[in-house]
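The values are calculated or read from the model by the stated rules, or taken from the named source; none is laboratory data. If you're wondering where the values come from, they're calculated on a predicted model, not measured in any experiment. Note that we place each Cβ from the backbone using ideal geometry, even for glycine, and neighbour counts take in every protein chain shown.
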Ligand SMILES: [Mg+2]
């Protein structure tokens, strides 16, 4: 263990945007053209160590996120790392307290910005301990784990003492799962790369076949733009992938509740495990109703990538609205709040299948899913793998030849982006955004809105 205790002395915030819309990456029924973007925070210390954390956006608005981070980040300048990590649950509570809370407590832009700030602390902590983040957390005692959680609003469902009991029950078998993690057998991957809406049949076939060769057995496809075209595309995928493949569809909040039920009933014969984000992410009772209505048809319901906080997950679980908890590593309030949602999900026995469809998210979520398997649920789940932009990261996510995520080994939370990416894609100074194409894209205030909806 490192003995130094870094003090945070300054920070930098940068707006990084990759023009992913040019390749249809991330296209879905509600987001036809998105740029994977990070509002990127680095805390500098009086040692050689720095801590990196970021918020994710779909391009437009990333400057707003950067401004929110610049507003919050000064709170931790001057602090010794140990003064923040000795009670991380309390540190989280401090970060969401004060005047800023009026802006919308624990949700929205400020929640995303707080996530960046606290993830930078987690990254610094793991780097200081010279461990990958997942290992830092898995080495916690149950008491230390629970101390990282702000239990405010959760104690009607799970208390710190109950959390400790739950974690203790798994301690005896933890070393087995730790070994599996070290052998890259902790987190099976599922594939979304073949499922973006912009691909032709030939592209889909090629992407599916190469994914199957890599060991993938689970595939998720965007859907919702028309029953006939969905049926045709999903049947084609079923034909290429075979009967044993597990298929999921994602409609990104497209429907009203009854519409979701009617539409999905019509696809029941295609044997779909779950429909993701069938309706508004805020509609907890709506999700519950869709799940009940689709259960007889063998179709489950998943959501979470736009669920703002632990309280909403608590209610989704209480309302029996979910077959998969799709928490997002950078929408919840950092590792702190994720640990609380892992505990809640384990209590209700619902698998955690994190959302990781954007740049850098697989890097972060491979830590989260490993923590869930080794220390919290004790069960293998699956984690999304998309194959874009890994080369941009200093500790890129990888998969094994038998379809597992490679367990991270580099100290930290795998947040660091390679410096050369900023030369090209920092917005607006990077060479791409200074090009004519880049300037034209940035000048359009309706980015991502189809032409027919602009007037
Ligand atoms: Mg999704």
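Hey, can you tell me all the residues within segment 212-244 that are buried (at least 17 other Cβ atoms within 10 Å of the Cβ) and outside any helix (DSSP H, G or I)?
216, 217, 218, 219, 220, 221, 222, 223, 224
Here are some conditions: (1) surrounded by fewer than 24 Cβ atoms within 10 Å (Cβ to Cβ); (2) under 10 Å from the mean Cα position of the chain (by Cα); (3) more than 16 Å from the ligand (Cβ to nearest atom). Residue 317 meets all but one. Which one does it not meet?
Going through (1) surrounded by fewer than 24 Cβ atoms within 10 Å (Cβ to Cβ); (2) under 10 Å from the mean Cα position of the chain (by Cα); (3) more than 16 Å from the ligand (Cβ to nearest atom) one by one, residue 317 breaks only (2).
Whether any residue in segment 426-449 is surrounded by fewer than 23 Cβ atoms within 10 Å (Cβ to Cβ) and part of a strand (DSSP E or B) is what I want to check.
Looking for residues that are surrounded by fewer than 23 Cβ atoms within 10 Å (Cβ to Cβ) and part of a strand (DSSP E or B), one finds at least one in segment 426-449, hence yes.
From 332, 339, grab the single residue that is buried (at least 24 other Cβ atoms within 10 Å of the Cβ) and within 16 Å of the ligand (Cβ to nearest atom).
Result: 332 is the single residue among 332, 339 that is buried (at least 24 other Cβ atoms within 10 Å of the Cβ) and within 16 Å of the ligand (Cβ to nearest atom).
Is it fair to say residue 98 is at positive phi and in the same structural domain as residue 431 (by the TED database)?
Here the answer is yes, as residue 98 does meet what is asked.
Across segment 342-360, which residue is nearest to the ligand (Cβ to nearest atom) among those that are touching a strand residue (DSSP E or B) at 6+ places or on another chain (Cβ under 7 Å) and outside any loop (DSSP other than H, G, I, E, B)?
Selected residue: 355.
Kindly provide the set of residues from segment 178-201 that are more than 16 Å from the ligand (Cβ to nearest atom), at pLDDT below 90 and surrounded by fewer than 17 Cβ atoms within 10 Å (Cβ to Cβ), ordered by number.
200, 201
With the checklist (1) assigned to a loop (DSSP other than H, G, I, E, B); (2) touching a residue at least 12 places away in the same chain (Cβ under 8 Å) in hand, flag the one item residue 155 doesn't pass.
Result: residue 155 passes all but (2).
As an exercise: evaluate residue 248 against (1) within 20 Å of residue 329 (Cα to Cα); (2) crowded, with 17+ Cβ neighbours inside 10 Å; (3) within 14 Å of the ligand (Cβ to nearest atom) and give the number of the one condition it does not meet.
Here residue 248 meets the rest and fails (1).
Just wondering, is there one or more residues in segment 283-297 that are within 15 Å of the ligand (Cβ to nearest atom) and crowded, with 21+ Cβ neighbours inside 10 Å?
yes
Results for (1) within 19 Å of residue 395 (Cβ to Cβ); (2) in contact with a helix residue (DSSP H, G or I) (Cβ under 9 Å, 6 or more places away or on another chain), shown as yes or no for each residue.
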position: 86; (1), (2): no, yes
position: 90; (1), (2): no, yes
position: 99; (1), (2): no, no
position: 109; (1), (2): no, yes
position: 135; (1), (2): yes, yes
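I'd like the full set of residues that are touching a strand residue (DSSP E or B) at 6+ places or on another chain (Cβ under 9 Å) and without any contact (Cβ under 8 Å) to a residue 40 or more places away in the chain, limited to segment 298-313.
Matches in segment 298-313: 298, 299, 300, 301, 303, 307, 313.
Across segment 102-139, which residue is surrounded by the most Cβ atoms within 10 Å (Cβ to Cβ) among those that are within 18 Å of the chain's Cα centre (by Cα) and not in a helix (DSSP H, G or I)?
Ranking the qualifying residues of segment 102-139, first place goes to 132.
Please state which of the following conditions residue 370 fails to meet, knowing it meets all the rest: (1) within 16 Å of the ligand (Cβ to nearest atom); (2) not in a loop (DSSP other than H, G, I, E, B).
Going through (1) within 16 Å of the ligand (Cβ to nearest atom); (2) not in a loop (DSSP other than H, G, I, E, B) one by one, residue 370 breaks only (1).
Could you tell me how many of the residues in segment 4-26 are buried (at least 21 other Cβ atoms within 10 Å of the Cβ) and within 16 Å of the ligand (Cβ to nearest atom)?
3
Residues 32, 124, 65: which one is within 16 Å of the ligand (Cβ to nearest atom) and in contact (Cβ under 8 Å) with a residue 12 or more places away in the chain?
Sole residue among the options that is within 16 Å of the ligand (Cβ to nearest atom) and in contact (Cβ under 8 Å) with a residue 12 or more places away in the chain: 32.
Take the residues of segment 6-54 that are assigned to a loop (DSSP other than H, G, I, E, B) and touching a strand residue (DSSP E or B) at 6+ places or on another chain (Cβ under 6 Å): which is farthest from residue 413 (Cα to Cα)?
Among those residues, the one meeting the criterion is 35.
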